[in-house]
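Structure first, then comments.
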Amino acid sequence: MLFKKSITAAIFIGLLPFYSLHAQANGIEYARAAQEAQDFGNRELAIKYYTNALDEGDLSAKHQAYVYNNMGILYQELGNTEDAESHFKNSVQLLPTYSDAYFNLSSLHSSQQRYEDALGLLNAALIELPEDAELILQRGIIYRELNEIEAALQDVSQAVLINPSLGAKLINQDNVYIDNYIETATIDNFISILSEEPASLDGYLHRAKSYLSAGFFDQALIDAEYVIELEPKSFKAYEAKAIILYSQGAYDKSIRAFDNALHFAPNNSEIFYNRGKLYKSLGDNNNALFDFQMAFSINRSEKKYRKELRELGLIK
């Protein structure tokens, strides 16, 4: 999954109501009105006013770049990718240090699986903006899509080092295991991943979780399966494998891995809870309820088990 960010650029400050434009409006006034129309979701009117702003001929190159970027966003939202691309290109040509336009154009290329075009653009952008963490992360995630793992790890780790908050962007935020089993990726995750081979099986499991938090699911699975190969009764490895498989969308395989984990740790409340989260995410409330009941019966002091049972209507 490619990193996405909000791409609505509110760059014309002091908005004028778009219904109050006077006959002699200048470029900035048209642009402000367009921004307000855009904020209200009136894309066609926003494009009209942005076009008027450009036609006035009095905008600076910088403000023209902002206008072209915003128009590109609008065209992309309307499904007109050809005009979106041309407007993003105009934006970066007018303002070669405009990070948002580079990001938006590379995101458009990536959504079309034009990864080489996206990489070429980001390489050019990072010559102008070598410390831009979001562009570095975007390039790293494209490398990850292309399975160029070493390059991907270098970029995403550098991005998180520059801006630690970006670690939260590496995993699908809808994943049911976020903040429970999967943590926000930190530079410590990348230290674990990029250092020497782990010295113990617990080290491999730690690295598997680090890969998981950084969104490198294939590499995480390799480490979890390596531990299972050497220690076939490792319930921790099976649980890790189950959550990695869930994150890959392999739900049936994930359930089987949870079953194996419970075979070796039948009184582990967290494994029941985590399998219950999977069932609940799939809409299988009967199996989810069973698992949450089992977790609660093993550990009645854990509030999150009670919360799940309450949400499913079993207790008040």
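Observations, loosely collected:
- Cross-link partners of residue 48 among lysines, defined as those whose alpha carbon lies under 21 angstrom from its own and excluding same-chain residues fewer than eight positions apart: 62, 89.
- Computed label-point distance, nm, for sites residue 81 and residue 284 using a 7 Å Cα→Cβ extension: 3.5
- Reachable aspartates and glutamates, given that their alpha-carbon falls under 13 Å from the alpha-carbon of residue 241 and they are not under 8 places away in the same chain: 218, 223, 225, 229, 252, 259
- Theoretical FRET efficiency, 1/(1+(r/R0)^6), r = Cβ-Cβ of residue 150 and residue 173, R0 22 Å, to 0.05: 0.25
- Subtracting the Cα-Cα distance of residue 263 and residue 300 from their residue separation scaled by 0.36 nm leaves 11.2 nm.
- The chain: relative contact order in percent, alpha carbon pairs under 8 Å with at least 6 residues between: 8
- Selected from 230, 294, 125, residue furthest toward positive end of dipole (the chain; charges at beta carbon): 294
- Ordered by solvent-accessible area of protein heavy atoms (1.4 Å probe), largest first, the residues 71, 294 come out as 294, 71.
- Ordering of 243-255, 225-237 by burial proxy (mean other Cβ atoms within 10 Å per residue, highest first): 243-255, 225-237
- Our coupling estimate for segment 187-195, obtained by passing each phi through the Karplus curve with A = 6.51, B = -1.76, C = 1.60 and θ = phi - 60°, is 4, 4, 4, 6, 4, 5, 6, 8, 7 Hz, Gly and Pro reported as x.
- Measuring between alpha carbons in the structure, the pairs from 280/307; 209/304; 169/280 lying more than 19 angstrom apart are 209/304; 169/280.
- Taking the longest Cα principal axis of the chain as reference, the axis of helix 285-298 is set at about 60 degrees.
- For the chain, the dipole from Cβ point charges (+1 on Lys and Arg, -1 on Asp and Glu) about the Cα centre works out to 1360 debye, to the nearest 20.
- Karplus 3J(HN,Hα) series, Hz, for segment 109-115 with 6.51 cos²θ - 1.76 cosθ + 1.60 (x for Gly, Pro): 4, 5, 5, 9, 6, 8, 5
- Whole-Hz Karplus values for segment 155-170 come out as 6, 5, 5, 5, 4, 5, 5, 6, 9, x, 5, 5, x, 6, 8, 7 Hz, taken residue by residue from phi with 6.51 cos²θ - 1.76 cosθ + 1.60 and θ = phi - 60°; glycine and proline positions read x.
- Counting only protein heavy atoms and a probe of 1.4 Å, the accessible surface of the chain is 48% carbon and sulfur.
- Accessible surface area normalised per residue over the chain is 49 Å², counting heavy atoms of protein chains with a 1.4 Å rolling probe.
- Per-selection Rg to Rh, the chain - Cα, Kirkwood hydrodynamic radius: 1.10
The values are calculated or read from the model by the stated rules, or taken from the named source; none is laboratory data. Since the model is a prediction, treat every value here as computed from it, not as a measurement. When we count neighbours, we look across all protein chains shown, and the Cβ atoms used for this are built from the backbone with ideal geometry, even at glycine. Ligands, DNA and RNA are excluded from the accessible area calculation, which covers all protein heavy atoms including side chains. Shrake-Rupley method; radii C 1.70, N 1.55, O 1.52, S 1.80 Å.
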